[in-house]
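Comments concern the structure below.
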Amino acid sequence: MEQLSGLDATFINMETRSAPTHVGGLAIYDQSTAPEGRVTFKGILANLESRLHLARCFRQKLVRVPLGFDHPYWIEDPDFDLEFHVRHIALPKPGDWRQLCIQAARLHARPLDLDKPLWEMYVIEGLDQVEGLPVGSFAILTKIHHAAIDGVSGVEMTAAIHDLTPDATPPKPERPWVPESEPTLLELALRSTVNNIRQPIRFARILSEAAPPAIRALLQQRDETIEKSGPVPRTRFNGRVSPHRVFEGRSFSLADVKQIRKSVDGATVNDVILAVCGGALRKYLERHNELPRETLSAFAPISTRTEAQKGQAGNQVSGM
């Protein structure tokens with residue numbers, strides 16, 4: 001049994017019906033290079049089952065503390081059922097890109113079941129009318145709760161269930177998996193009591209460790225002017241969020257993105273993508289005659305994951 005960090009628990013506590021806090025992705029696969037030119041749903045299940053031990057979040061579920069007196073815990077789900085999480089569907093006619101986007105939006109809009117391991121995967125067939133895709137291609141839509149992963153751990157999880165070559169070495173078999181029984185209410189109450197007693201002591205220690213560097217940083221910046229952010233301009237995006245979602249996507253050549261990156265010293269691939277998003281947003285607002293005079297404010301997550309934290313689930317992020 002492992003307790004969620006304060007940041008991970010925040011993603012559980014802030015979830016609402018109209019604003020679920022899971023993340024997701026859509027990947028498209030060409031099965032023509034598979035053995036016999038075909039990938040079966042049974043084969044996908046078998047591949048995932050052989051790799052469940054590579055990402056702990058696959059089989060862990062939440063256990064909440066009564067009355068929310070403490071952060072929830074992860075336990076190995078004694079009732080884990082892979083086929084509950086991996087579903088097989090097909091696009092309705094005509095099976096084109098628009099239908100795929102509509103289906104992805106509808107699936108992503110549904111909140112995850114917080115009483116199960118917090119992920120779902122949909123194998124989607126019927127993409128033969130999607131322009132530019134080989135016949136027989138299929139998609140996989142993945143949803144996973146932000147309490148379980150951040151961007152970096154999500155990439156690591158994706159890499160764990162994929163191979164880059166057909167003849168890649170299979171992952172090492174897992175040790176016998178041991179599910180956990182749910183803790184009793186009394187056990188959870190005792191744990192939360194102890195944690196709440198320790199919390200002020202832990203906070204005081206963290207504060208004492210953080211204070212000297214913070215003071216030094218302030219003294220070093222005493223002669224520097226820090227630009228204050230003004231009021232946030234209102235746009236059509238400053239509205240109440242509904243439970244509905246819209247999905248759309250575009251493909252870019254990674255080689256082109258890397259070439260653009262080289263035009264500015266020190267730039268990264270992420271910088272190029274952020275510039276593309278910012279430029280697209282500006283053009284969209286200009287087209288609707290709604291571009292504000294003030295600069296828009298945006299939030300970008302920044303990974304704080306260290307080498308020692310590589311492979312760990314949960315969130316190690318800050319933001320700017």
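Quick check: is even one residue across region 39-61 modelled with pLDDT under 95 and farther than 20 Å from residue 158 by Cα?
Looking through region 39-61, none of the residues is modelled with pLDDT under 95 and farther than 20 Å from residue 158 by Cα.
Got at least one residue in region 159-176 being modelled with pLDDT of 85 or more and either in a helix (DSSP H, G or I) or among the charged types (D, E, K, R) (or both)?
Checked region 159-176: no residue is modelled with pLDDT of 85 or more and either in a helix (DSSP H, G or I) or among the charged types (D, E, K, R) (or both).
Residue check: is residue 264 among the β-branched types (Val, Ile, Thr) and in a loop (DSSP other than H, G, I, E, B)?
Criteria met by residue 264.
The values are calculated or read from the model by the stated rules, or taken from the named source; none is laboratory data. All values derive from a computational prediction rather than experimental measurement.
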